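Novice: Before anything else, here's the structure in question.
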Amino acid sequence: MLKHIVMLKLKPDNAGQNANTIKSKLESLRGEIPALKSIDVYQNIQNSEFSNCDVVLECVFDNYNDCVTYQNDPLHKKVLEFIRPFIAIRSCIEYYYYE
């Protein structure tokens, strides 16, 4: 299995409300893209000004090719296009793990 984890630091203007919106948009992908085994989105409860990230996305795929398929899916691209203006910094890691 492959985990795809993305950490987002949002621009400071209305970061809390924007984090809620981003969380909802990302969660709307659940069950919509066949390659995506699971998706969880977490919102930081700390004040955005003092934290390293505001939103964390954790996705699970069978393999790297499925992750690429997800990234190129039109639904994912539409959500990404919507949330991109709110993002100040994006960090990502992908790794294989075994259950």
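Coordinate-derived values only; no laboratory data. Keep in mind that what you see is a predicted model, and the values were worked out from it rather than measured. Every residue, glycine as well, gets a Cβ built from its backbone with ideal geometry; the counts of neighbours run over all protein chains shown.
Novice: Kindly provide the set of residues from segment 51-77 that are among the hydrophobic types (A, V, I, L, M, F, W, C), surrounded by fewer than 19 Cβ atoms within 10 Å (Cβ to Cβ) and under 16 Å from Glu32 (Cβ atoms), ordered by number.
Specialist: Once the filter is applied, which keeps residues that are among the hydrophobic types (A, V, I, L, M, F, W, C), surrounded by fewer than 19 Cβ atoms within 10 Å (Cβ to Cβ) and under 16 Å from Glu32 (Cβ atoms), segment 51-77 yields Val60, Leu75.
Novice: Continuing with the same structure: Restricting to segment 25-54, count the residues that are part of a loop (DSSP other than H, G, I, E, B) and of a type in the set (Gly, Ala, Ser).
Specialist: In the first step, residues of segment 25-54 are kept if they are part of a loop (DSSP other than H, G, I, E, B); the result is 28-37, 44-47, 51-54.
Okay, now just the ones that are also of a type in the set (Gly, Ala, Ser), so 28, 31, 35, 51.
Here the count works out to 4.
Novice: Would it be correct to say that Cys92 is in contact with a Phe, Trp or Tyr (Cβ under 6 Å, 6 or more places away or on another chain) and of a type outside the set (S, T, N, Q)?
Specialist: On the way: in contact with a Phe, Trp or Tyr (Cβ under 6 Å, 6 or more places away or on another chain): no; of a type outside the set (S, T, N, Q): yes.
So Cys92 does not fit the description; no.
Novice: Report the residue count in segment 9-20 for those that are out of contact with any helix residue (DSSP H, G or I) (no Cβ under 8 Å at 6 or more places or on another chain) and part of a helix (DSSP H, G or I).
Specialist: Total meeting the criteria: 2.
Novice: May I pose another question? So which residues in segment 40-78 are in contact with an Asp or Glu (Cβ under 7 Å, 6 or more places away or on another chain), under 20 Å from Met1 (Cα atoms) and of a type in the set (A, V, I, L, M, F, W, C)?
Specialist: Val41, Cys67
Conditions (1) assigned to a helix (DSSP H, G or I); (2) hydroxyl-bearing (Ser, Thr, Tyr); (3) free of Cβ contacts under 8 Å to residues at least 12 places away in the same chain, marked per residue:
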site	(1), (2), (3)
Val56	no, no, no
Val60	no, no, no
Tyr70	yes, yes, no
Leu80	yes, no, yes
Ile83	yes, no, no
Ile89	no, no, no
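Novice: Next question, about the same structure. Are there any pairs, at least 6 apart or on different chains, whose C-beta atoms fall under 6 Å, with the first in segment 12-32 and of a type in the set (Gly, Ala, Ser) and the second in a helix (DSSP H, G or I), and if so, which?
Specialist: As it stands, the answer is Ala15/Ser48, since those pairs meet every condition given.
Novice: Look at Ile93 and say whether it is on the phi < 0 side of the Ramachandran plot, aliphatic (A, V, I, L, M) and surrounded by 13 or more Cβ atoms within 10 Å (Cβ to Cβ). First the steps, then the outcome.
Specialist: Values: on the phi < 0 side of the Ramachandran plot: yes; aliphatic (A, V, I, L, M): yes; surrounded by 13 or more Cβ atoms within 10 Å (Cβ to Cβ): no.
Considered against the rule, which asks whether it is on the phi < 0 side of the Ramachandran plot, aliphatic (A, V, I, L, M) and surrounded by 13 or more Cβ atoms within 10 Å (Cβ to Cβ), Ile93 comes out as no.
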